Amino acid sequence: MVLVASGHRPWLSLYNNLVTVPSKELSELEEAELAPIQRALPNEMLVKIFSKLDPYSLGRAALVCRQFRSLHEHPRLWEHACYDAFHLAISDKRELHKLMATQYRFSWRRMFIHHPHLRFDGLYVARNTYVKTGVVEFTNHRPVHLVSYYRYFRFLPDGTFLYRTSPQILKLVAKAMVAPPPGLTAAKLQQQQQPGGGKERPGGGAVDKGPVLVGRYTVRGAKVHCALIYPNSTSTELRSRLAIRSTHPGACNRLDIEAITTYDRELGSESSLVPPPPSQPDDPDPAAAKAHSRGLAPCMFVTWEEVPSHPINLPPTQMDYMLV
């Protein structure tokens, strides 16, 4: 095969030609297509309005139009979102800036999307199902029952979390989890005395008596450590270790329950509701601890808007098992 060199180089005509950059000013046609809010408010005012939105509502606003998509990437918006999401795990702002600069290439938005954090705009719900042997009757010799119950977590930005186990479906329990109990303060957490608290059973089930339990949590990386004391009791304490997981970038919509432990404070050393630092074990006295190996289904996150229609509300007759 013979290669014939040609002197014709069509791309050479492109050299030394200035490329005209399109003007950023809107044409008359584009201005006519703008919505009234876009014509009435400048970009600075729209950014101020966007600062009142939570990060996930801000992401939905970016789907409206090109202008909103451009404005939602304003660094100041995501800087505030990162402060709200990570202030418990990283209290020093200088450390937060260092983490953003070194691991996320000076992007607050990238840090919020890829760094694990808890969400505060809904509930984490776990659906646990097990088979229970029934009572032998004349017509049924080997009766079995499919039992389902739910484990609810709601985390608040101040380090407080609400907890409840109940056989009731999500849309019947969510109302009690929307607002914290009135007068809730950190000083009152150890003195809460609500009648008829639901108590954890060794098998992982629970007897639902109605109240919402209150505890404290800390975040260390992708791990969440929770601690609470059952009401009407000064001995039984529950501690849980959870792992934050995302099904897609930025979702943070799963909590894997790695451990749930109850122990008697009278047998162990006295401790506060604040989970111990990393240098100490999760259980003050391993001899008094009782680990629960059942009822550890992962939690899925449900926003408040999805509560009435979420598939987790389906009864066992329509959904006997759920993969999370």
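Going through Glu73, Glu95, Glu79 one at a time, which residue ends up being open to solvent by 50 Å² or more (accessible area, probe 1.4 Å) and in a helix (DSSP H, G or I)?
Answer to the check: Glu95.
Considering only region 42-70, state which residues are open to solvent by less than 70 Å² (accessible area, probe 1.4 Å) and charged (D, E, K, R).
Asp54 - this is the single residue of region 42-70 that is open to solvent by less than 70 Å² (accessible area, probe 1.4 Å) and charged (D, E, K, R).
Please specify each residue of region 236-258 satisfying the condition of being within 11 Å of the chain's Cα centre (by Cα) and part of a loop (DSSP other than H, G, I, E, B).
Matches in region 236-258: Ser246, Gly250, Ala251, Cys252, Asn253.
State the number of residues belonging to region 98-119 that are closer than 26 Å to Leu255 by Cβ and either in a helix (DSSP H, G or I) or of a type in the set (Lys, Arg) (or both).
Residues meeting the conditions: 11.
Conditions tested, residue by residue: (1) polar (S, T, N, Q); (2) at pLDDT below 85.
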site	(1), (2)
Thr185	yes, yes
Leu189	no, yes
Gly198	no, yes
Ala206	no, yes
Lys223	no, no
Ser233	yes, yes
Leu238	no, no
Ile244	no, no
Asn253	yes, no
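Here is a yes/no grid of residues against (1) farther than 18 Å from Val219 by Cα; (2) not small (Gly, Ala, Ser):
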| position | (1), (2) |
| --- | --- |
| Leu99 | no, yes |
| Met111 | no, yes |
| Ala126 | yes, no |
| His145 | yes, yes |
| Tyr149 | yes, yes |
| Gly159 | no, no |
| Leu162 | no, yes |
| Pro167 | yes, yes |
| Lys171 | yes, yes |
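So Pro180 clears everything in (1) modelled with pLDDT under 70; (2) out of contact with any Lys or Arg (no Cβ under 9 Å at 6 or more places or on another chain); (3) under 28 Å from Ala259 (Cβ atoms) except one condition, right? Which one?
(2)
The values are calculated or read from the model by the stated rules, or taken from the named source; none is laboratory data. Computed from a prediction, not measured in an experiment: that's the story for all the values here. Virtual Cβ from ideal backbone geometry, glycine too; neighbours counted across all protein chains shown. Quick note on the areas: whole protein, heavy atoms, side chains included, nothing else; ligands and nucleic acids left out. Shrake-Rupley method; radii C 1.70, N 1.55, O 1.52, S 1.80 Å.
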